[in-house]
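Just below is one structure, and these are the notes that go with it.
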Amino acid sequence: MGKWNMFDWLNKREEEKKEIRYILSIDGGGMRGVVPAYLLSKLNKKLKEYSDRPLYSYFDLIAGTSTGALLALGLSLNNSNSSFKLEAGADYPLYETRKYKKLFKVHSEQVLKGYIKKSTDPDALVSLYKENGCKIFHQPSHFKKILGNVFSDKYDASSLESFMNEIYGDTPLSDALVPTMATAFEPLTSKPYVFTSWDSHGFLIKEAARASSAAPTFFSPITLIDRETTETITLVDGGLYANNPILAAYNEARKLYPNADEFRVISLSTCAVSSSFNASEAGGGISAWISSLWKSYASGTMEFADSLAQNIKDLKYLRIWDNVVKKKFSLDDYSDEAVTTLLNAAEILYQNKKDEIESFLEDLVNNANNDVIKFTEGKKEPLLIEN
């Protein structure tokens, strides 16, 4: 047994007094979303070594942008009508400790609070990309192949919308099993727009996913009616300001948990390679600038968010990124080569960050909150009584 240390004991007591909230944040990046999907599967397997509790239920907020929004919204989904496969097994029993005095002694009992619902199997999120890339990025017409994106968006959004209807159905955003958010952008007002499950305005999950992933030049904007205010809003991809949604997630978490002392975040990247170009050699005009400028802008917003997040005092920020993808793939490249390369890179990334990830997960298991989970009621009977 190690030597007792008063300072360690005091630090532990201070930790117990804190209100700590945990956030899962997932980047945008099109087909590169297979990287965080793979990481989610690895996180889930590691957490299963502790208990059979579903992955989503450890977090107080799950946030995503674009392809990351598809994953975030899928992860907190429990819908038998969805094409997503639910995790196997029964719902997970959740107990809470209650203390009471009896004969001048303090007793404690473990009482069944309810059952945490199973949600989407994280392994199914990997197949979202492996098997469905061609549905997400449906082959453009011969006309579009010739003229590219000059006169229209590259892909017909109806294919994307049909796919989202298949995987999410008509599930209300408010049905998310824990607080979940997706970023979008409103061009008319030049303001960020955030879909949240706790203030959903009647939106459906598929609507939030479609808006968050409406990447300019790839898919058309989406126009929705706010069912609460009856206002009409037109939205595009949240990657215009939050390809790494950590700052948007922190902002919402601060409002959602105003008494929190600290936020601890695991931020899953899509292993996007920093993009740059030599402006002095770019020449002039749209043809010289538009492609490179968009890539550099997306890269710049991610790095800016990353830099700021690391300097927020009440935010402990674990960023899962490394330069492990040596070849650049476009966000709509669903070829076998691209998917295989990205999956291999995801495994290397996990191994590179394994110690940090496992430390975060151990902390998560020991301190996870249970006050924001939607669970099915259990009988209010004690499981056992301890002196």
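The values are calculated or read from the model by the stated rules, or taken from the named source; none is laboratory data. Worth saying up front: this structure is predicted, and the values here are computed from it rather than measured. All Cβ positions, even for glycine, are placed from backbone atoms using ideal geometry, and neighbour counts span all protein chains on display. Surface accessibility is based on the protein's heavy atoms, side chains included, excluding ligands, DNA and RNA. Shrake-Rupley method; radii C 1.70, N 1.55, O 1.52, S 1.80 Å.
Yes/no matrix, rows are residues, columns are (1) closer than 16 Å to residue 216 by Cα; (2) modelled with pLDDT of 60 or more; (3) out of contact with any Lys or Arg (no Cβ under 7 Å at 6 or more places or on another chain); (4) open to solvent by less than 20 Å² (accessible area, probe 1.4 Å):
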{"site": "232", "(1), (2), (3), (4)": "no, yes, yes, no"}
{"site": "249", "(1), (2), (3), (4)": "no, yes, yes, yes"}
{"site": "272", "(1), (2), (3), (4)": "no, yes, no, yes"}
{"site": "286", "(1), (2), (3), (4)": "yes, no, yes, no"}
{"site": "303", "(1), (2), (3), (4)": "no, yes, yes, no"}
{"site": "309", "(1), (2), (3), (4)": "no, yes, yes, yes"}
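For region 328-339, the condition of being modelled with pLDDT under 80, farther than 30 Å from residue 78 by Cα and over 21 Å from the mean Cα position of the chain (by Cα) holds for none of the residues. Scanning region 66-90 for residues that are small (Gly, Ala, Ser), closer than 29 Å to residue 239 by Cβ and either touching a Lys or Arg at 6+ places or on another chain (Cβ under 8 Å) or surrounded by 17 or more Cβ atoms within 10 Å (Cβ to Cβ) (or both) yields 66, 68, 69, 72, 74, 76, 82. The set of residues in region 334-346 that are part of a loop (DSSP other than H, G, I, E, B) and farther than 11 Å from residue 34 by Cβ contains only 335. In this structure, does residue 248 turn out to be within 25 Å of residue 24 (Cα to Cα) and touching a Leu at 6+ places or on another chain (Cβ under 7 Å)? So residue 248 fails the test. Considering only residues that are part of a helix (DSSP H, G or I) and more than 13 Å from the chain's Cα centre (by Cα), look in region 44-56 and name the one that is surrounded by the fewest Cβ atoms within 10 Å (Cβ to Cβ). Ranking the candidates gives 45 first. Here residue 196 passes the criteria (1) surrounded by fewer than 20 Cβ atoms within 10 Å (Cβ to Cβ); (2) more than 24 Å from residue 31 (Cβ to Cβ) except the one numbered (1).
Which one is modelled with the highest pLDDT, of the residues in region 98-128 that are outside any strand (DSSP E or B) and out of contact with any helix residue (DSSP H, G or I) (no Cβ under 9 Å at 6 or more places or on another chain)?
Of everything passing the filter in region 98-128, 118 is modelled with the highest pLDDT.
Residue 93 passes every criterion in (1) open to solvent by 40 Å² or more (accessible area, probe 1.4 Å); (2) at pLDDT 90 or above; (3) touching a helix residue (DSSP H, G or I) at 6+ places or on another chain (Cβ under 9 Å) apart from (3).
Total residues in region 176-192 satisfying the condition of being open to solvent by 10 Å² or more (accessible area, probe 1.4 Å) and under 16 Å from the mean Cα position of the chain (by Cα): the figure is 1. The residue that is modelled with the lowest pLDDT, counting only those in region 135-173 that are surrounded by 17 or more Cβ atoms within 10 Å (Cβ to Cβ) and hydroxyl-bearing (Ser, Thr, Tyr), is 155.
Among the residues making up region 109-123, a single one is hydroxyl-bearing (Ser, Thr, Tyr) and open to solvent by 20 Å² or more (accessible area, probe 1.4 Å): 115. Does residue 211 satisfy the condition of being assigned to a loop (DSSP other than H, G, I, E, B), open to solvent by less than 20 Å² (accessible area, probe 1.4 Å) and either β-branched (Val, Ile, Thr) or over 21 Å from residue 364 (Cβ atoms) (or both)? No: the conditions fail for residue 211.
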